[in-house]
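**Student:** Once you've had a glance at the structure underneath, I'll fire off some questions.
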Amino acid sequence: MSSTDSHGGTGAAPVKIPSLRQDVPARVEEWLQPFRLSWEKLRDISSRLLRDMEKGLDKHSHRGAPVKMLPTFVRSTPDGTESGDFLALDLGGTNFRVLHVRVEETMKKVVKMESQTCPVPQEIMLGTGTQLFDHIAACLADFLESQGIKHQVLPLGFTFSFPCTQKGIDKSYLICWTKGFKCSGVEGQDVAKLLKDAIHRRGDYDIGSVAMVNDTVGTMMSCGYRDQSCEIGMIVGTGTNACYMEDMKNVKRVEGEDGHMCINMEWGGFGDDGSLSDVQTEFDLEVDRRSLNPGQHMFEKMISGMYLGELARLVLIRLAQEKLLFGGEMSEALLTPGKFETKHISEIEEDRNGLTRAREILEDLGLRPTGKDCGIVRHVCSTVSTRSAHLCAAALATVANRIRSNRGLDHLRTTVGVDGTVYKKHPKFSERLQQALRTLAPRCQVSFLLSEDGSGKGAAMVTAVAQRLAGQSRLLDDSEEDTAAEGRC
C-alpha cells in the first residue's frame, strides 16, 4: 500500500501490521532502549521503594520522605457484616456527588445506591470556604429531600480529593488547594468540621459521624465489600496512587501496636529525591521541566495518564528530527504540547484497528504517515505504556511482598481493588502489569477487582466499617463493665 492511496481520515483503509521488532529500524530501537527496564532493574526499583516506605512510616524520618505513607485511621476492611444507611460526598473537581447507600448484611451486598451530581460554579471555587461548604450543605439538603430521608441522621463518608493531613478518621486538615480551587479560609482547617458547621448554620437537617476518605482508600473499601481478601487499593488514571493494610506495629506515627491500619502511600512522589534519576529518560526530564510542578511526583510522571501521551509525543518529535519518521517532516499540531493524548495510545494499541486509528490520528495532526510510520508510532506507544505497566508492577510487588513478609507467610493470597482510566481502558496495560507482577512477586497470588464507583460507595463503606468497629468496641466496654460489677458484688 502506498502512502498516496491510504489517506482519508476516518475512512482510511486498514494498514498492514508490521511485526513490531522485525520492521522497526535499529536506530529507532536505540532511542527506545532507555524505556526498557530489565527484571534486575525492576527488582532494584522495588527495593528502593521499600526503603522509602519504611522512611515514610517512621515518626522521625517521615517529614523528608518522598513516599509520604499517610495513616488513614481506617482500621479494617469490610467483613460482610456491615449494614445500614449511609451518605457519601465526593468532591474533587468542578462537580461533586451526593450518594445514599443502603447495605444489608443478610444479602451481603449494597441493595440501594442513589446519587445526584451537583456543579461547583467558578465563583464558588474561587470564593470563600464558607460559600463552598454552604453550597455543599445546600445540595446535600436538596438530595435528602428528594430521597425522603431529611429527617434521618445518617453517618457520612466524605471523599475529599485534595492534599490533606489526617489526624483521625473524622479529622482531615487541608494542606493546599489544587485542581482550580482557591477558596479562602480552608487551608490548614479541619474539612470535616467546616462541613458540619455549614450544616448546623442551616439548621434544617443533621448528619451523624463523618469519615474522611482518600479516593484510593475508597477504591479498596468498595472492592473489599465484594471480596473480603481485598487489602490493597490502586489507581492508575490521570494520576496514580496506592494504599494497603499495614501492621499497626510498623505505623510509628500513630499510637498502638495491635491490628492493622490502611496507609495512603502517595507513591506518585517516589523518586522526588532523585532516587530514580538513573531510570529517567531525556523525555521524562522534559515532561517534568514543562509540568506545573517540576521536581515533584516523578514516579507519577512516568506512569499516569496525564503524562503518557506527552512522553510519546516527545519521542515522535525526536524520531522525526532524526528523519526516522514522517520523512523528517513535522506538523504544528505535533509540535504542540498535549495534542497527542494518552487515549490515542490506547486506540493505537488495539489489536484489530490500532494501525488504522494510528493513521487517522496522525492525519488529524496534519501528518502524512506511511504504513511503516504507523507501525513505528505503534511501537513507540507500546514501549511507553509497557514501561508504565512494568513500573506499576514493581511498586505493587513491593506492597504485596511487604504484606507477605509482615505476616510471616511463605505464600500470600490477596486482592487489589483497581480504578483509573489507564488500567481500565488501555487494551494491554492490565495484562502487562499482571504478567510482570507474577515475575516480581512469585510468592504472592494476586487477584484484581475493578472498582464499581469506588469514590462514592467506598466512602460509604469506610463509614460502615467505622460504625461496625465502634459497635464492637461498645460491646466490649459493656462486657468489661459487667465483669467489673460482678467483681464488686
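**Student:** When you scan the stretch 256-303, how many residues do you find that are part of a helix (DSSP H, G or I) and either open to solvent by 40 Å² or more (accessible area, probe 1.4 Å) or among the polar types (S, T, N, Q) (or both)?
**Tutor:** Selection size over the stretch 256-303: 5.
**Student:** Which of (1) closer than 29 Å to ASN293 by Cα; (2) in contact (Cβ under 8 Å) with a residue 24 or more places away in the chain; (3) assigned to a helix (DSSP H, G or I); (4) of a type outside the set (Val, Ile, Thr) does GLU123 not meet, given it meets every other one?
**Tutor:** For GLU123, the failing item is (2).
**Student:** Read through the list (1) open to solvent by less than 50 Å² (accessible area, probe 1.4 Å); (2) in contact (Cβ under 8 Å) with a residue 60 or more places away in the chain; (3) of a type in the set (Gly, Ala, Ser), then give the number of the only condition that SER447 fails.
**Tutor:** (1)
**Student:** Could you say whether any residue in the stretch 229-241 is over 13 Å from the mean Cα position of the chain (by Cα) and either farther than 30 Å from PHE429 by Cα or assigned to a loop (DSSP other than H, G, I, E, B) (or both)?
**Tutor:** Yes, there is a match, as at least one residue in the stretch 229-241 is over 13 Å from the mean Cα position of the chain (by Cα) and either farther than 30 Å from PHE429 by Cα or assigned to a loop (DSSP other than H, G, I, E, B) (or both).
**Student:** I'd like to know if the stretch 274-285 contains one or more residues that are modelled with pLDDT of 95 or more, more than 18 Å from VAL377 (Cβ to Cβ), of a type in the set (D, E, K, R) and more than 22 Å from the chain's Cα centre (by Cα).
**Tutor:** Checked against the condition, which is being modelled with pLDDT of 95 or more, more than 18 Å from VAL377 (Cβ to Cβ), of a type in the set (D, E, K, R) and more than 22 Å from the chain's Cα centre (by Cα), the stretch 274-285 yields at least one hit.
**Student:** Have a look at LYS167, LYS171, LYS182 and point out the one that is charged (D, E, K, R), more than 26 Å from THR77 (Cα to Cα) and under 24 Å from the mean Cα position of the chain (by Cα).
**Tutor:** LYS182
**Student:** Whether any residue in the stretch 35-52 is within 23 Å of LEU174 (Cβ to Cβ) and not aromatic (Phe, Trp, Tyr) is what I want to check.
**Tutor:** no
**Student:** Looking only at residues in the stretch 343-361 that are open to solvent by 10 Å² or more (accessible area, probe 1.4 Å) and either acidic (Asp, Glu) or under 20 Å from PRO34 (Cα atoms) (or both), which one is farthest from the chain's Cα centre (by Cα)?
**Tutor:** Among those residues, the one meeting the criterion is GLU360.
**Student:** Taking ASP134 as the residue in question, decide whether it is touching a helix residue (DSSP H, G or I) at 6+ places or on another chain (Cβ under 8 Å) and in a loop (DSSP other than H, G, I, E, B).
**Tutor:** No; evaluated as a whole, the condition is false for this residue.
**Student:** Conditions: (1) aromatic (Phe, Trp, Tyr); (2) over 21 Å from GLU431 (Cα atoms); (3) touching a residue at least 60 places away in the same chain (Cβ under 8 Å). PHE299 meets all but one. Number of the miss?
**Tutor:** Of (1) aromatic (Phe, Trp, Tyr); (2) over 21 Å from GLU431 (Cα atoms); (3) touching a residue at least 60 places away in the same chain (Cβ under 8 Å), only one is false for PHE299: (2).
Every residue, every condition in (1) in contact (Cβ under 8 Å) with a residue 40 or more places away in the chain; (2) basic (Lys, Arg), yes or no:
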site	(1), (2)
LYS179	yes, yes
ASP206	yes, no
THR216	yes, no
THR219	yes, no
TYR225	yes, no
TYR244	yes, no
GLY256	no, no
MET261	yes, no
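**Student:** Look at LEU91 and say whether it is in contact with a His (Cβ under 7 Å, 6 or more places away or on another chain), surrounded by 20 or more Cβ atoms within 10 Å (Cβ to Cβ) and either at pLDDT below 95 or closer than 19 Å to MET220 by Cα (or both).
**Tutor:** no
**Student:** Taking the criterion of being free of Cβ contacts under 8 Å to residues at least 12 places away in the same chain and among the basic types (Lys, Arg), would at least one residue in the stretch 271-294 satisfy it?
**Tutor:** Within the stretch 271-294, one or more residues are free of Cβ contacts under 8 Å to residues at least 12 places away in the same chain and among the basic types (Lys, Arg).
**Student:** Name the residue, out of ALA138, ALA65, that is in contact with an Asp or Glu (Cβ under 9 Å, 6 or more places away or on another chain) and of a type in the set (A, V, I, L, M).
**Tutor:** The unique qualifying residue is ALA65.
**Student:** Whether any residue in the stretch 362-381 is buried (at least 21 other Cβ atoms within 10 Å of the Cβ) and among the hydroxyl-bearing types (Ser, Thr, Tyr) is what I want to check.
**Tutor:** no
**Student:** Quick one: in the stretch 362-383, of everything that is small (Gly, Ala, Ser) and outside any loop (DSSP other than H, G, I, E, B), which residue is farthest from the chain's Cα centre (by Cα)?
**Tutor:** GLY371
**Student:** Of everything in the stretch 1-44 that's of a type in the set (D, E, K, R) and farther than 27 Å from MET302 by Cα, which residue is modelled with the highest pLDDT?
**Tutor:** In this case the residue turns out to be LYS16.
**Student:** Another question about this same structure. Output the residues belonging to the stretch 137-161 that are buried (at least 18 other Cβ atoms within 10 Å of the Cβ) and in a loop (DSSP other than H, G, I, E, B).
**Tutor:** LEU154, PRO155, SER161
**Student:** For the subset of the stretch 436-457 comprising residues that are of a type outside the set (Lys, Arg) and at pLDDT below 85, which member is farthest from GLY218 (Cα to Cα)?
**Tutor:** Checked the stretch 436-457; the qualifying residue farthest from GLY218 (Cα to Cα) is GLU452.
The values are calculated or read from the model by the stated rules, or taken from the named source; none is laboratory data. Just so it is clear, the model here is predicted, and its values are computed rather than measured. Note that each Cβ is placed from the backbone with ideal geometry, even for glycine, and that neighbours are counted across all protein chains shown. Areas reflect the complete protein model, heavy atoms only, side chains present, ligands, DNA and RNA absent. Shrake-Rupley method; radii C 1.70, N 1.55, O 1.52, S 1.80 Å.
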